[in-house]
1. Confirm whether R173 is of a type in the set (D, E, K, R), out of contact with any Cys (no Cβ under 6 Å at 6 or more places or on another chain), in contact (Cβ under 8 Å) with a residue 60 or more places away in the chain and at negative phi.
2. Is it true that A420 is touching a helix residue (DSSP H, G or I) at 6+ places or on another chain (Cβ under 8 Å), modelled with pLDDT under 75 and open to solvent by 30 Å² or more (accessible area, probe 1.4 Å)?
3. Of the conditions (1) modelled with pLDDT under 70; (2) at negative phi, R119 clears all except one; give me its number.
4. Can you run down the residue pairs with Cβ atoms below 8 Å, 6 or more apart or on separate chains, where the first is in region 10-32 and among the hydroxyl-bearing types (S, T, Y) and open to solvent by less than 70 Å² (accessible area, probe 1.4 Å) and the partner is modelled with pLDDT under 65 and not in a helix (DSSP H, G or I)?
5. Search region 653-670 for residues being without any contact (Cβ under 8 Å) to a residue 40 or more places away in the chain and polar (S, T, N, Q), and hand back the single one that is least open to solvent (accessible area, probe 1.4 Å).
6. Tell me yes or no: at least one residue of region 386-393 is out of contact with any Pro (no Cβ under 9 Å at 6 or more places or on another chain), open to solvent by less than 30 Å² (accessible area, probe 1.4 Å), at pLDDT 75 or above and not hydrophobic (A, V, I, L, M, F, W, C).
7. Only residues in region 599-626 that are of a type outside the set (A, V, I, L, M, F, W, C) count as the first member; pair them with residues that are open to solvent by 70 Å² or more (accessible area, probe 1.4 Å) and at pLDDT below 75, Cβ under 7 angstrom, at least 6 apart or cross-chain, and list the lot.
8. Condition (residue is modelled with pLDDT of 70 or more, open to solvent by less than 80 Å² (accessible area, probe 1.4 Å) and either in a helix (DSSP H, G or I) or more than 25 Å from E676 (Cβ to Cβ) (or both)) applied to region 65-76: is it met by at least one residue?
Amino acid sequence: MPFGDTEDERAGGADGLWDALPRSNGRTDIRANRLARTLYGSTVRCVSFLSTSVRASPTANLLAQPLNELTPERIFEAIGALTGLTAEIEQEQKSRAEEYEHAGRAARAEEEYELWDDRMKVVEDGIASRERARTLLAEARDSWRSRCARYLVDGFHESERIGQDVEAKERRRKELDAQIETAGEKVHRLSDDKAFDESCRTRIKTYEDQKAVESALKVEQNQNVGSIETLGGQLRTLQAVAAVADGRTVEQAEEEIAEAGRMVQAAERIKGRTEHALRVAKAALSAAEKGEDVAVAQVRLLRANDITAAPLVDTISLTEQQRPVWEARLLPYRHAVAVAHHQAQEAVQLLAALPGSLLVEADPADHLLGPGLPAAADPDLPVGRFLAALAERAGADGHIDPVAGVHGIAGLPEALTGRAGRIRAAQDQLEKAAGEDDEADEGIREAERTKSRADAHLRGAKAEAEAGAVQGKVTKLRSRNSAIEVELSKLDGPLRQAKIGYEAALGEKAARAQQIDTASRTLATLKKELEENRRQWSALLQHRTDLDLPRLNAQWTGTVDTAEQHLLTLDESEAMRPPAEWDEVCARLANEVRAACFPPGDPEQNRPEELRVVDEQRADRRTGGAYVRLIPDVLRIVGNFLTDHERVDRENASQIQRERQAKTITLTGAKAALDEARRSPSCRARRSPRRAPVSTTRR
């Protein structure tokens, strides 16, 4: 098919594409521009009459075809039938079917080959890995054998060297034993001179005893001088204090202090009473200013419950003319509470919690009753009716209830009613209490001054008595110092002679001690060397035991000479390789052999149980040296495993090769059949189509 972005481009490229196509079927190709002449000749004819009203005909022709049912497929079939290409079309279909069948067989054969190849690749990888492990195993065994030879040869020479060192240590130990015996006898001889020691001790002790006596006397003398100075200072201080006593004795001063103490106690008792009275007066003034000095609990309870209440005496105002009469009448009610009339019942219920309470009902209309009654001080709580009732019951001259025979005694210093009067009374009482408290303070201060003077008199009297005792001590100390001076003068000559003997004894003793020290150091050095000799001798023996030549011989499975001969066969780098590097090489090769035989990720069950135990022992750091010591076990286990699988690996490899050849033949045959089907004439014709447009006339 021609390609192009537009229809014109595709039409323009059709001729060039047609010319490039190969010829087919051995017939002369017809160019597109001559197709109509070839099919229909040079005369114009009607090939097909198309109409939407014509019914469909089952025959394969273009005549009488309904326009609305005509499809490209039916046009193609009709043209094919008219031009005689039906047989070629059927052959084309058969060729396509055969090609499709061969393509399916080739695809299935290739897919089966790839699946089989993937499975076999895993098996072949295992075979190749084990084959590589066999190669590495041989190298690892050679390295281990060379390592054993190196250890045996080095161990043998080291053992011989150790034997020579042990003999040298034993010879030196015998020499040290003899030298130690000689040095010990010298130290014993120098240290065991009893006459010399006794002479030195006697001279040294004589001097030290006399020196101690002199030192003791001088110390005592210095202490006495210091005590005299201290006592002199005390004496001057005591004499200054004693001047305050004014000739009093201690007994007189103590009696004076006792009397002053009684005065202070009496003043403090008075102060306590005045302080209490002052606190009471302050509390009374505060209560009066707050209106809480009368019926306090009752008023608080009622006001807390939103009931209008006040002390009765605060709701009444008396003039000076009314006081003599009305204060006598109000005395029984001085602690009563006035409440509003409509709240009286609720107030009575609340005051049930405070037995002994008095309650007076106040009515808003009471201010209209009884002219001449006391005025109301609280407009919210007028008690005119209550006052009128009192006035009706009262008689003359303070006879407030003739029926009951009750008299009231008036004449209080302050007004009974009205808060201002009670506040003034509380202020007066507070001023009086404050004045009495100030007088009590002054009394205490005066008593304390008296006691302070008595204390000073007593201190002076005691100081005078103590000064006499101190003076006596000073006199005794001065007498003792004079006696000490006499004793020191007598001791001077014997002390000089003792010092001469003492210094001579010290010199002789130092020289003797130096000789003993030198001999002792020599003895200690010899003993230390002997101890070090024994330690080194034991270490050499232990080192020779640790070499474990029998084990090295068993690992090499030969003699030292054969081991040396083996080392001579190695190259220079291997022959000079130290044992530690041989251990590293052998461990690395053993790990490579194991990894090649059992790659990482290989299932656990594929490993021999014995190898798993050896791996755990090599990984355990508590078993020192097991990582190298167990290398032969690893090589043995892996070698046995490879030997067991060698025949199976050869058989598997041969079988895989045979199966690959068979499957390759099958796959090649399927692909060849597919190529043959694609090269058939019908397929070549299909791949070389002719572009033959059909010309139709529509009428």
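1. In short, yes.
2. no
3. Tallying (1) modelled with pLDDT under 70; (2) at negative phi, R119 fails exactly one: (1).
4. Short answer, once both residue conditions are applied: S24/S688.
5. For region 653-670, the residue satisfying everything is S654.
6. no
7. Matching pairs, first to second residue: R618/Y627.
8. For region 65-76, residues modelled with pLDDT of 70 or more, open to solvent by less than 80 Å² (accessible area, probe 1.4 Å) and either in a helix (DSSP H, G or I) or more than 25 Å from E676 (Cβ to Cβ) (or both): present.
The values are calculated or read from the model by the stated rules, or taken from the named source; none is laboratory data. Model, not experiment: these values are computed from the prediction. Note that we place each Cβ from the backbone using ideal geometry, even for glycine, and neighbour counts take in every protein chain shown. These area figures cover heavy atoms from the full protein model, side chains too; ligands, DNA and RNA do not enter into them. Shrake-Rupley method; radii C 1.70, N 1.55, O 1.52, S 1.80 Å.
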